[in-house]
1. In segment 184-210, what count of residues is obtained for those that are in contact with a Gly (Cβ under 9 Å, 6 or more places away or on another chain), more than 8 Å from ligand 1 (Cβ to nearest atom) and either more than 29 Å from E72 (Cα to Cα) or open to solvent by 30 Å² or more (accessible area, probe 1.4 Å) (or both)?
2. If we only count strands (runs of 3 or more DSSP E) wholly inside segment 418-516, which ones have 3 or more residues that are touching a Lys or Arg at 6+ places or on another chain (Cβ under 8 Å)?
3. Say we look at segment 240-288 and pick out the residues that are open to solvent by less than 60 Å² (accessible area, probe 1.4 Å), among the small types (G, A, S) and closer than 21 Å to L329 by Cβ; which of these is nearest to the chain's Cα centre (by Cα)?
4. Of all residues in segment 153-200 being hydroxyl-bearing (S, T, Y) and within 24 Å of F116 (Cβ to Cβ), which is modelled with the lowest pLDDT?
5. Out of segment 398-407, which residues are without any contact (Cβ under 8 Å) to a residue 12 or more places away in the chain and open to solvent by less than 90 Å² (accessible area, probe 1.4 Å)?
6. Kindly check whether there is at least one residue in segment 112-124 that is open to solvent by 10 Å² or more (accessible area, probe 1.4 Å), within 16 Å of ligand 2 (Cβ to nearest atom) and in the same structural domain as F223 (by TED's automatic domain parsing).
7. Say we look at segment 116-152 and pick out the residues that are among the aliphatic types (A, V, I, L, M) and under 15 Å from I211 (Cα atoms); which of these is farthest from ligand 1 (Cβ to nearest atom)?
8. Does V338 qualify as being within 28 Å of the chain's Cα centre (by Cα) and buried (at least 19 other Cβ atoms within 10 Å of the Cβ)?
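The values are calculated or read from the model by the stated rules, or taken from the named source; none is laboratory data. Computed from a predicted structure; not experimentally measured. Here the Cβ is made from the backbone with ideal geometry for all residues, glycine too, and neighbour counts use every protein chain on show. Only protein heavy atoms, including side chains, enter the accessible area calculation; ligands, DNA and RNA are left aside. Shrake-Rupley method; radii C 1.70, N 1.55, O 1.52, S 1.80 Å.
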Amino acid sequence: MDVKDAKNDYVNNEFHLSQLASVGQIAAGIAHEVKNPLTAVKGFLQLLKENHVDEYVDIAQAELNNAISTLENLLHVSKPDLEDEPFQSVSMSAELELMSHLFQDQMYRVQIIKNFTDTDAKVFGKRNQLKKALFNLFKNAFEAIPDKGTIKVEHYVQDQYIVISIEDTGVGIPQEKVKMLGTPFFTTKIQGTGMGLTQVFSVIYQHAGNIHVQSEENVGTKFVIMLPKEAELAGTGVNELALSYTEGQQLKEFFWENKNDFEKALLAHAVNVEGKIEEIQNVGNIDLLANAHRLVLYIVEGREHEMISFARAEGIAWAKYSLTIAFKLEWVQAIRRVLWDFLYNFDRLCGRTEDSFERFYVQEKKINQLVDQFLTYFFISYTEYKDLVLQKQRELVEDLSVPIIPLTGTTCIVPLIGNIDAYRANTIEDKVITHVGTLRIENLIFDLSSVAEIENEAILHFMRILDGLNMMGCKPVLTGLRPEVVKQVIRLNLPFDKKADAKGSLQQALAEFLGR
Ligand code: ADP
Ligand code: MG
């Protein structure tokens, strides 16, 4: 079966695709309408099940699950854009290679013959969707071969298209059924879903491709798909764009005049950010597009100083509103790429294409350096701000962790919990000394029964705090000293007795002070 000889056997592709589009539209409507009630029923069944154990409920639940997944499938192919997968360079030959390995367990009965040429060619498309289409075609081919057989896979470039053919020696498709291929739910298999080819047709259509089928009963079937080849320039990362240019225009004016195209290109590059623009505007009052223009302006005019303060402000804003840092990275990298595309096109439109390499390298260095600098300052101020917030939070927590509770007019109690390190000892000193001074406290009870551990350095510090309290005429009282802490004091050989009274427990101390 040669493609060129059998043109008339091809399924009329146009017919299929328009049919698919309308079916898709209807299906999307139906799917939405039906999915919600089904999901509700599922929920009620779940409730019912919790009370009665009934096998019918199990069956009903399984059936409903089937229905829901069928509808999800349908929704998926009829609105493939729901999956906002980015377009990227995809090597179909590499994907074909990988795909054939997925069917290793079938190799004992089906031989795969590969003939790949022009393997450098790429498609600009949705990688996962394209992979899924190849998978569906392979799966059908394997399923069509009842016993032993072969699948011939070809990959080559013809004109502006990458052509892939998958030809099996399977059961074939009766002529009258060929027209049905790609229709949702059309299947001749007992376990079939009839959704495989629907997905294939829909993806190929989405990528501006073509699909042909040629089949003969008990001989085999050949699917030929054609996908537009990615443009040479796009592959190298430089894009020729249709931008407007007026003779003698400055770079800055050029950017301004093509403002809309710039934004469009930016959004196409930063696909994950696109859906977040509004959210970021609402949450942090940050206008990403306006800021992108500003950054580009600073870069092309080499206004380093302003760019740095801009980067700092952005870093703070980003940290303040806890915006996802991944979006920022994607956004700035997109700006970098679009900026280069614009510079390339500016040079091209000025007619400066055969200019010296040297000038290019100088410019390359300058621009990339500025973008890198932007990112560096952005991240520095981002982390500085975050650190500051952390520091503030720690201070707050520390402050709360040293509560001074008045017991009587002259007696206060400080219950300490957790670990005491040098940092906390500082907080204790600060708070306690200040309070004693202002409130004229005469007795200060430190309850240490919930202190797990005190660092040696903190013990020394604590001793100095006791000295300080004594100097101020305040008598420190320690209660609930744990054996470990006492051992530490002994080991450090600290003179303890004159500094503070010690009571076995807080109750003892309270009885004494309140009883007086
Ligand atoms: P399913 O595989 O679940 O039946 P598909 O959409 O993948 O759904 O295929 C629809 C129908 O098209 C199949 O049931 C089968 O009758 C026919 N078909 C698809 N590919 C082949 C093939 N390679 N050889 C023979 N018949 C095929
Ligand atoms: Mg299938």
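1. 2
2. 443-454, 475-479
3. It comes out as A270.
4. Per the criteria, the residue is Y161.
5. I405
6. no
7. Applying the filter and picking the extreme gives L130.
8. yes
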